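Below is one structure, written out as structure tokens; the observations come after it.
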Amino acid sequence: MTKKWLVSILGAAALAVSGGAFAQASMSPVPAFYIGAEVGQADAGDEDDIGYKFLGGYQFSRNLAAEVAYGFLLDKNDVEITALELVAVGLWPIGNNFSLLGKLGFANWEVDTPRGAEDGTDITWALGGQFDFARNLAFRFTWQRYETEPDETDFFNVGVIWKF
């Protein structure tokens, strides 16, 4: 009778220890630095154009990152909009490889028109998602709003992130 209890207890302990070891092995560390590029449709009042953005960031944890980016958002009909931004990125994992993301931060924007140039620093925010193809490669899609003058600028984009 004592042998059966001993075998049962040791078997349960082995299952508990192996489950924890398996969970730790699958929780690989998050790569810290990343760079990326995004391309998409920029919409500012009556003007719209293809825009692009280059970015770099640091991921502190699975759920939080800081990002800096420079975007050429619009260049059409003598109207040019550029933005330099610093944002915090929140990631909420939904599945093994997919996360919802939100951005909140500041953008230093500049709008050049035939009437002159305007610039300012205002809040920017974004909503989107990110799919991790591999440990170091991700696909991202976002909608981002810039509070530019005289109209807001919306940027609907897709991008690729490389983590290292």
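The values are calculated or read from the model by the stated rules, or taken from the named source; none is laboratory data. Bear in mind that the values here come from a model prediction, so they are computed numbers and not experimental data. Ideal geometry is used to build each Cβ from the backbone, glycine not excepted, and the neighbour counts take in all protein chains shown.
Worth pointing out:
- Here the condition is being part of a strand (DSSP E or B) and of a type in the set (A, V, I, L, M, F, W, C); of ALA107, ALA134, it holds for ALA107 alone.
- Restricting the stretch 140-157 to residues that are free of Cβ contacts under 8 Å to residues at least 60 places away in the same chain and assigned to a strand (DSSP E or B) leaves a set whose member that is surrounded by the fewest Cβ atoms within 10 Å (Cβ to Cβ) is TRP143.
The rows are residues; the columns are (1) in contact with a Lys or Arg (Cβ under 6 Å, 6 or more places away or on another chain); (2) exposed (fewer than 14 other Cβ atoms within 10 Å of the Cβ); (3) of a type in the set (Asp, Glu); (4) free of Cβ contacts under 8 Å to residues at least 40 places away in the same chain.
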{"site": "LEU73", "(1), (2), (3), (4)": "no, no, no, no"}
{"site": "LEU84", "(1), (2), (3), (4)": "no, no, no, yes"}
{"site": "VAL87", "(1), (2), (3), (4)": "yes, no, no, yes"}
{"site": "LEU91", "(1), (2), (3), (4)": "no, no, no, yes"}
{"site": "SER99", "(1), (2), (3), (4)": "no, no, no, yes"}
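- Residue, modelled with the highest pLDDT, within the stretch 39-90, restricted to residues that are outside any strand (DSSP E or B) and among the acidic types (Asp, Glu): ASP78
- Number of positions in the stretch 104-139 that are surrounded by 19 or more Cβ atoms within 10 Å (Cβ to Cβ) and under 23 Å from ASP75 (Cβ atoms): 5
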